[in-house]
Amino acid sequence: MEKPFPGACMFPHFPSQLKIEPVYGCDKRCPFCTLANAITDLKDITYMDGTLYEKIVKECDGKDLKKIGYGVHGEPTMHPEFLSMIKQMRIAVPSSVITTATNGRELRKRGDASFLLDLMAAGCNNIILDAYESQTYEIFCKDQNRIMQVAEVHSGDDTSAFRQRKGNHIVVNNPKVAMFDQQRKNKTLNTMGTSMRYEVWQKYGINPGQFPVEKPCAELHQYMTIKADGKVPVCCADGSRSMFIGDVNENSIKEIWTGRNADVMRWALVRRLRGLLLPCYACHRVSSRAGLWPHWGKEYTKDEIKEVVRKIAKPSKHWMKNMKALHQEKETWDFMYEILMANWNILEKDQ
């Protein structure tokens, strides 16, 4: 076993948290969401296959998962079997915190908040209600007394609910949260792993000159994200789907989590080498607590990191357009320019 390298942190042999995307797509087009660009037609929405989900649940069965979140880049409640999916996972991991985010579409369909009660009955104990529309917020407020009998209700700026291990909690983001100026004031607006539209960066003052941010990131030490088609990105923020470290259809969660692709990405992020990773180049999310385990991995050179990135890079049209616009603002360029130019001719042929 190799010695731990200085300053690095570690991960267990199975993620302590999972983020699952039952649906890639949404029935809304919030301008600050990455899906405002990625999905433009409801027929293009991807729903997680039942066989794939059963495989995920089986691998989670009996594991000490602290939290499982549903959402990522889509509206999970659009999945026709979503309540059943929650029930399956709750049986597999009875002590885990199960969280889901929703735009409240089921509240608008029913005219009341009874769907939140159904979610909690299925086993979901943390619900994030993005009531960005006034109609959704008004429906919830009218039914709030009934909800408060079985759950604690928190406002959107109160994150204490996410630290809870017991009981039911609902975080309600009211329509003000959806306003760009409010997000900027609260410092919650970010590029979402290069996925946010470049025009939004310009309009709301995100400075292109700050990228890449020379700070470590511990996201991949903390959790794994599984997309609706089974692919595993470096981070849940990669709404542009620009780089994947594995595919649950082909390998187990443990194999991907402990595999070389993931290990190389962790090393790069611990060493503040965001400039070598597609979704991380223009991302200013910062996380530092990676856990208390020692890291028994090896060190990687920049050339080794680049070799892996070239192999797993799948730059989307949206990512390339953002990076092209960013390149025009920068006086110097680097490895991302190589990746961009290697794929730009493909984009121009498709247009």
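The values are calculated or read from the model by the stated rules, or taken from the named source; none is laboratory data. Please read all numbers here as calculations on a predicted model, not as lab measurements. Ideal geometry is used to build each Cβ from the backbone, glycine not excepted, and the neighbour counts take in all protein chains shown. Just the protein is used for accessible areas: all its heavy atoms, side chains included, with ligands, DNA and RNA removed. Shrake-Rupley method; radii C 1.70, N 1.55, O 1.52, S 1.80 Å.
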Can you confirm whether segment 241-253 contains a residue that is modelled with pLDDT under 95 and aromatic (Phe, Trp, Tyr)?
no
Among the residues of segment 91-101, write down those that are over 25 Å from Thr34 (Cα atoms) and either in contact with a Cys (Cβ under 8 Å, 6 or more places away or on another chain) or of a type in the set (Asp, Glu) (or both).
Ala92, Val93
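For Glu54, indicate whether it is in contact with a strand residue (DSSP E or B) (Cβ under 7 Å, 6 or more places away or on another chain) and of a type in the set (Asp, Glu).
Values: in contact with a strand residue (DSSP E or B) (Cβ under 7 Å, 6 or more places away or on another chain): no; of a type in the set (Asp, Glu): yes.
The answer is no for Glu54.
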Can you tell me which residue within segment 189-221, out of those that are within 12 Å of the chain's Cα centre (by Cα) and open to solvent by 10 Å² or more (accessible area, probe 1.4 Å), is modelled with the highest pLDDT?
Glu219
Just checking: which of the helices (runs of 4 or more DSSP H) contained wholly in segment 14-96 hold 3 or more residues that are within 20 Å of Gly230 (Cβ to Cβ) and in contact (Cβ under 8 Å) with a residue 12 or more places away in the chain?
50-60, 82-92
Positions within segment 54-84 being open to solvent by 10 Å² or more (accessible area, probe 1.4 Å) and in contact with a Cys (Cβ under 6 Å, 6 or more places away or on another chain), in sequence order:
Val72, Gly74
For segment 210-233 the number of residues that are in a loop (DSSP other than H, G, I, E, B) and under 18 Å from Gly74 (Cβ atoms) is 4
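Output yes when any residue across segment 155-177 is at pLDDT 90 or above, open to solvent by less than 30 Å² (accessible area, probe 1.4 Å) and in contact with a Pro (Cβ under 8 Å, 6 or more places away or on another chain), and no when none is. Break it down stepwise before answering.
At the first step, the residues of segment 155-177 found to be at pLDDT 90 or above are 168-172.
So of that shortlist, the ones also open to solvent by less than 30 Å² (accessible area, probe 1.4 Å) come out as 169-172.
The next check asks that each one be in contact with a Pro (Cβ under 8 Å, 6 or more places away or on another chain); those that pass are none.
No.
Phe180: farther than 28 Å from Ala268 by Cβ, out of contact with any Gly (no Cβ under 7 Å at 6 or more places or on another chain) and modelled with pLDDT of 85 or more, yes or no? Write out each step before concluding.
On the way: farther than 28 Å from Ala268 by Cβ: yes; out of contact with any Gly (no Cβ under 7 Å at 6 or more places or on another chain): yes; modelled with pLDDT of 85 or more: no.
When the stated conditions are applied, Phe180 does not pass them.
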Restricting segment 114-150 to residues that are open to solvent by less than 30 Å² (accessible area, probe 1.4 Å) and aromatic (Phe, Trp, Tyr), the residue that is nearest to the chain's Cα centre (by Cα)
Phe115
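How about segment 104-113: which of its residues are closer than 24 Å to Arg29 by Cβ and either surrounded by fewer than 18 Cβ atoms within 10 Å (Cβ to Cβ) or of a type in the set (A, V, I, L, M) (or both)?
Arg105, Leu107, Arg108, Lys109, Arg110, Gly111, Ala113
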